[in-house]
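Single-structure report; data block below.
The values are calculated or read from the model by the stated rules, or taken from the named source; none is laboratory data. Keep in mind it's a predicted model, so treat the numbers as computed, not measured. We place every Cβ from the backbone using ideal geometry, glycine too, and count neighbours over all the protein chains shown.
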Amino acid sequence: MEKIIIPSLLLVSDGILISGRMLKTSLPLTVNDPKLLKLHTKLTSVYNRLVKNQKYSIRSPLTDRLIQLDKRRNNALTAIKSIVYGMSVSLIEETSKNASILYDIILKYGAKVYSMGYKEETANLISLFSDFDLPANNALLNELGILPFYESLKTAHLAFDTLCNQKSDHKTEQIVDSEAATAILTELIPAMTNLLAMIELNNQFDPETYSEAYNQLVTYINEINATARARKTRKQNSTEPEVKMEK
(Lines give C-alpha, C1' and ligand atoms only; values in the text may rest on other atoms or scores of the structure.)
Protein backbone atom coordinates (compact mmCIF):
# COMPACT_ATOMS: atom_id res chain seq x y z
CA MET A 1 0.00 0.00 0.00
CA GLU A 2 1.27 3.45 -0.88
CA LYS A 3 2.03 5.52 2.20
CA ILE A 4 -0.74 8.09 2.13
CA ILE A 5 -1.01 9.02 5.82
CA ILE A 6 2.33 10.59 6.77
CA PRO A 7 2.67 10.96 10.57
CA SER A 8 5.57 13.43 10.42
CA LEU A 9 3.40 15.96 8.61
CA LEU A 10 0.31 15.83 10.78
CA LEU A 11 -0.72 18.10 13.61
CA VAL A 12 -3.48 17.13 16.02
CA SER A 13 -5.93 19.28 14.05
CA ASP A 14 -4.95 17.45 10.84
CA GLY A 15 -5.57 14.12 12.52
CA ILE A 16 -9.03 15.24 13.61
CA LEU A 17 -9.91 16.41 10.09
CA ILE A 18 -8.72 13.24 8.36
CA SER A 19 -10.20 10.78 10.86
CA GLY A 20 -13.49 12.65 10.92
CA ARG A 21 -13.75 12.46 7.13
CA MET A 22 -12.71 8.79 7.14
CA LEU A 23 -15.38 7.87 9.67
CA LYS A 24 -18.10 9.71 7.79
CA THR A 25 -17.12 8.35 4.36
CA SER A 26 -16.66 4.74 5.47
CA LEU A 27 -19.71 4.47 7.73
CA PRO A 28 -22.11 3.24 4.97
CA LEU A 29 -19.60 0.53 4.05
CA THR A 30 -19.59 -0.97 7.53
CA VAL A 31 -23.19 -2.22 7.29
CA ASN A 32 -22.23 -5.39 5.44
CA ASP A 33 -18.56 -5.56 6.37
CA PRO A 34 -17.86 -6.80 9.97
CA LYS A 35 -14.09 -6.40 9.65
CA LEU A 36 -14.42 -2.84 8.45
CA LEU A 37 -16.94 -2.15 11.21
CA LYS A 38 -14.45 -3.33 13.81
CA LEU A 39 -11.77 -0.95 12.49
CA HIS A 40 -14.33 1.85 12.20
CA THR A 41 -15.34 1.35 15.83
CA LYS A 42 -11.71 1.44 16.95
CA LEU A 43 -11.05 4.66 15.07
CA THR A 44 -14.26 6.20 16.41
CA SER A 45 -13.12 5.54 19.98
CA VAL A 46 -9.74 7.19 19.49
CA TYR A 47 -11.25 10.05 17.47
CA ASN A 48 -13.78 10.84 20.22
CA ARG A 49 -11.03 10.93 22.84
CA LEU A 50 -8.99 13.33 20.74
CA VAL A 51 -11.94 15.64 20.06
CA LYS A 52 -12.84 15.64 23.74
CA ASN A 53 -9.27 16.50 24.63
CA GLN A 54 -9.20 19.35 22.13
CA LYS A 55 -12.27 20.87 23.77
CA TYR A 56 -10.32 21.16 27.02
CA SER A 57 -7.82 23.47 25.39
CA ILE A 58 -10.49 25.73 23.93
CA ARG A 59 -11.69 28.83 25.80
CA SER A 60 -14.18 27.86 28.49
CA PRO A 61 -17.84 28.64 27.64
CA LEU A 62 -18.02 30.25 31.09
CA THR A 63 -15.31 32.80 30.26
CA ASP A 64 -17.52 35.24 28.32
CA ARG A 65 -20.17 35.16 31.02
CA LEU A 66 -17.49 35.71 33.66
CA ILE A 67 -16.26 38.79 31.80
CA GLN A 68 -19.81 40.17 31.73
CA LEU A 69 -20.27 39.59 35.46
CA ASP A 70 -16.94 41.24 36.20
CA LYS A 71 -18.07 44.32 34.24
CA ARG A 72 -21.28 44.41 36.27
CA ARG A 73 -19.24 44.17 39.45
CA ASN A 74 -16.97 47.01 38.32
CA ASN A 75 -20.00 49.12 37.36
CA ALA A 76 -21.52 48.60 40.78
CA LEU A 77 -18.26 49.63 42.44
CA THR A 78 -17.97 52.69 40.17
CA ALA A 79 -21.50 53.73 41.07
CA ILE A 80 -21.02 53.60 44.82
CA LYS A 81 -17.56 55.16 44.55
CA SER A 82 -18.93 58.10 42.53
CA ILE A 83 -21.90 58.60 44.83
CA VAL A 84 -19.80 58.51 48.00
CA TYR A 85 -17.21 60.83 46.45
CA GLY A 86 -19.91 63.32 45.50
CA MET A 87 -21.23 63.33 49.04
CA SER A 88 -17.71 63.64 50.48
CA VAL A 89 -17.18 66.98 48.70
CA SER A 90 -20.65 68.20 49.55
CA LEU A 91 -21.10 71.58 51.22
CA ILE A 92 -23.32 69.90 53.78
CA GLU A 93 -20.79 69.42 56.54
CA GLU A 94 -22.29 66.38 58.27
CA THR A 95 -22.85 64.57 54.97
CA SER A 96 -19.33 65.40 53.80
CA LYS A 97 -17.81 64.16 57.06
CA ASN A 98 -19.66 60.83 57.06
CA ALA A 99 -19.13 60.20 53.35
CA SER A 100 -15.40 60.93 53.65
CA ILE A 101 -15.08 58.06 56.14
CA LEU A 102 -16.59 55.67 53.63
CA TYR A 103 -14.68 57.12 50.70
CA ASP A 104 -11.36 56.56 52.47
CA ILE A 105 -12.28 52.87 52.78
CA ILE A 106 -13.13 52.69 49.08
CA LEU A 107 -9.80 54.30 48.16
CA LYS A 108 -7.99 51.90 50.44
CA TYR A 109 -9.33 48.78 48.74
CA GLY A 110 -10.87 49.86 45.45
CA ALA A 111 -8.69 52.61 43.99
CA LYS A 112 -6.82 50.31 41.57
CA VAL A 113 -9.21 47.40 41.50
CA TYR A 114 -9.98 47.81 37.79
CA SER A 115 -6.38 47.08 36.79
CA MET A 116 -6.08 43.97 38.96
CA GLY A 117 -6.58 40.34 38.10
CA TYR A 118 -9.70 38.50 39.18
CA LYS A 119 -8.13 37.07 42.35
CA GLU A 120 -6.65 40.34 43.55
CA GLU A 121 -9.85 42.22 42.73
CA THR A 122 -11.92 39.70 44.66
CA ALA A 123 -9.57 39.82 47.67
CA ASN A 124 -9.77 43.63 47.80
CA LEU A 125 -13.55 43.66 47.53
CA ILE A 126 -13.86 41.12 50.33
CA SER A 127 -11.72 43.40 52.50
CA LEU A 128 -13.91 46.36 51.54
CA PHE A 129 -17.04 44.39 52.45
CA SER A 130 -15.49 43.47 55.78
CA ASP A 131 -14.99 47.16 56.65
CA PHE A 132 -18.32 48.34 55.27
CA ASP A 133 -20.16 45.64 57.20
CA LEU A 134 -18.87 46.95 60.52
CA PRO A 135 -21.88 48.30 62.47
CA ALA A 136 -20.65 51.91 62.48
CA ASN A 137 -19.92 52.00 58.74
CA ASN A 138 -23.09 50.13 57.87
CA ALA A 139 -25.02 52.73 59.82
CA LEU A 140 -23.34 55.49 57.78
CA LEU A 141 -24.32 53.76 54.55
CA ASN A 142 -27.91 53.59 55.74
CA GLU A 143 -27.92 57.19 56.99
CA LEU A 144 -26.57 58.50 53.70
CA GLY A 145 -29.17 56.47 51.77
CA ILE A 146 -26.61 54.51 49.75
CA LEU A 147 -27.13 51.10 51.34
CA PRO A 148 -29.02 49.84 48.23
CA PHE A 149 -26.02 50.69 46.04
CA TYR A 150 -23.74 48.83 48.42
CA GLU A 151 -26.04 45.81 48.39
CA SER A 152 -26.04 45.86 44.58
CA LEU A 153 -22.23 45.67 44.65
CA LYS A 154 -22.34 42.68 47.02
CA THR A 155 -24.93 40.96 44.83
CA ALA A 156 -22.85 41.57 41.70
CA HIS A 157 -19.78 40.20 43.45
CA LEU A 158 -21.63 37.10 44.65
CA ALA A 159 -22.78 36.32 41.10
CA PHE A 160 -19.24 36.73 39.78
CA ASP A 161 -17.63 34.71 42.57
CA THR A 162 -20.13 31.86 42.20
CA LEU A 163 -19.46 31.52 38.47
CA CYS A 164 -15.72 31.88 39.06
CA ASN A 165 -15.83 28.89 41.42
CA GLN A 166 -17.86 26.91 38.90
CA LYS A 167 -15.25 27.63 36.22
CA SER A 168 -12.45 26.58 38.57
CA ASP A 169 -14.22 23.30 39.38
CA HIS A 170 -14.85 22.70 35.68
CA LYS A 171 -11.20 23.32 34.87
CA THR A 172 -10.12 20.88 37.58
CA GLU A 173 -12.40 18.20 36.16
CA GLN A 174 -10.95 18.78 32.71
CA ILE A 175 -7.38 18.42 33.97
CA VAL A 176 -8.25 15.16 35.71
CA ASP A 177 -9.98 13.73 32.62
CA SER A 178 -7.68 15.11 29.93
CA GLU A 179 -4.99 13.28 28.00
CA ALA A 180 -2.06 14.60 26.01
CA ALA A 181 -3.37 15.27 22.51
CA THR A 182 -0.09 14.26 20.89
CA ALA A 183 -0.20 10.91 22.70
CA ILE A 184 -3.71 10.25 21.38
CA LEU A 185 -2.53 11.23 17.89
CA THR A 186 0.00 8.39 17.99
CA GLU A 187 -2.92 6.00 18.54
CA LEU A 188 -5.05 7.71 15.91
CA ILE A 189 -2.57 7.32 13.04
CA PRO A 190 -2.41 3.47 13.04
CA ALA A 191 -6.19 3.33 13.50
CA MET A 192 -6.62 5.54 10.42
CA THR A 193 -3.99 3.59 8.49
CA ASN A 194 -5.64 0.26 9.23
CA LEU A 195 -9.07 1.47 8.20
CA LEU A 196 -7.78 2.98 4.96
CA ALA A 197 -5.78 -0.18 4.21
CA MET A 198 -8.89 -2.32 4.63
CA ILE A 199 -10.87 -0.07 2.28
CA GLU A 200 -8.03 -0.23 -0.27
CA LEU A 201 -7.88 -4.01 0.00
CA ASN A 202 -11.63 -4.38 -0.43
CA ASN A 203 -11.48 -2.00 -3.37
CA GLN A 204 -9.22 -4.42 -5.22
CA PHE A 205 -11.87 -7.15 -5.04
CA ASP A 206 -15.03 -5.06 -5.11
CA PRO A 207 -14.35 -1.69 -6.75
CA GLU A 208 -18.02 -1.09 -7.45
CA THR A 209 -18.68 -0.87 -3.74
CA TYR A 210 -15.46 0.63 -2.42
CA SER A 211 -13.79 2.69 -5.15
CA GLU A 212 -15.75 5.90 -4.69
CA ALA A 213 -15.09 6.01 -0.94
CA TYR A 214 -11.44 5.06 -1.35
CA ASN A 215 -10.77 7.67 -4.03
CA GLN A 216 -12.53 10.37 -2.02
CA LEU A 217 -10.40 9.60 1.02
CA VAL A 218 -7.13 9.50 -0.90
CA THR A 219 -7.91 12.84 -2.53
CA TYR A 220 -8.84 14.44 0.78
CA ILE A 221 -5.79 13.10 2.63
CA ASN A 222 -3.49 14.29 -0.13
CA GLU A 223 -5.01 17.77 0.17
CA ILE A 224 -4.29 17.76 3.90
CA ASN A 225 -0.77 16.51 3.21
CA ALA A 226 -0.15 19.31 0.71
CA THR A 227 -1.28 21.90 3.23
CA ALA A 228 0.86 20.28 5.93
CA ARG A 229 3.94 20.26 3.69
CA ALA A 230 3.47 23.94 2.87
CA ARG A 231 3.10 24.72 6.57
CA LYS A 232 6.24 22.77 7.39
CA THR A 233 8.18 24.56 4.67
CA ARG A 234 7.07 27.98 5.89
CA LYS A 235 8.09 27.07 9.40
CA GLN A 236 11.52 25.88 8.29
CA ASN A 237 12.07 28.99 6.22
CA SER A 238 11.11 31.26 9.10
CA THR A 239 13.66 29.61 11.42
CA GLU A 240 16.56 29.50 8.98
CA PRO A 241 19.14 32.27 9.50
CA GLU A 242 19.30 34.83 6.75
CA VAL A 243 22.28 34.34 4.46
CA LYS A 244 23.94 37.63 3.56
CA MET A 245 25.55 37.81 0.14
CA GLU A 246 29.05 39.22 0.08
CA LYS A 247 29.61 42.20 -2.14
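Residues in the stretch 179-199 that are under 13 Å from residue 18 (Cβ atoms) and within 25 Å of the chain's Cα centre (by Cα) were compared, and the one that is modelled with the lowest pLDDT is 185. Can you tell which of 52, 38 is in a helix (DSSP H, G or I), surrounded by 12 or more Cβ atoms within 10 Å (Cβ to Cβ) and modelled with pLDDT under 95? Of the residues listed, the single one that is in a helix (DSSP H, G or I), surrounded by 12 or more Cβ atoms within 10 Å (Cβ to Cβ) and modelled with pLDDT under 95 is 52.
Within the stretch 68-99, the set of residues being more than 17 Å from residue 145 (Cβ to Cβ), crowded, with 18+ Cβ neighbours inside 10 Å and charged (D, E, K, R) comprises 70, 73. Condition (residue is over 21 Å from residue 109 (Cα atoms), among the small types (Gly, Ala, Ser), surrounded by 13 or more Cβ atoms within 10 Å (Cβ to Cβ) and at pLDDT below 95) applied to the stretch 160-177: is it met by at least one residue? So far as the stretch 160-177 goes, no, none of its residues is over 21 Å from residue 109 (Cα atoms), among the small types (Gly, Ala, Ser), surrounded by 13 or more Cβ atoms within 10 Å (Cβ to Cβ) and at pLDDT below 95.
Applying the condition of being more than 30 Å from the chain's Cα centre (by Cα) and exposed (fewer than 14 other Cβ atoms within 10 Å of the Cβ) to the stretch 15-35 and asking which residue is modelled with the lowest pLDDT yields 32. Only residues that are in contact with a His (Cβ under 8 Å, 6 or more places away or on another chain) and either more than 13 Å from residue 217 (Cα to Cα) or not in a helix (DSSP H, G or I) (or both) were counted across the stretch 1-28, and they come to 0.
Assess whether residue 194 counts as being out of contact with any strand residue (DSSP E or B) (no Cβ under 7 Å at 6 or more places or on another chain), under 18 Å from residue 45 (Cβ atoms) and either of a type outside the set (Gly, Ala, Ser) or loosely packed, with under 13 Cβ neighbours inside 10 Å (or both). The answer is yes for residue 194.
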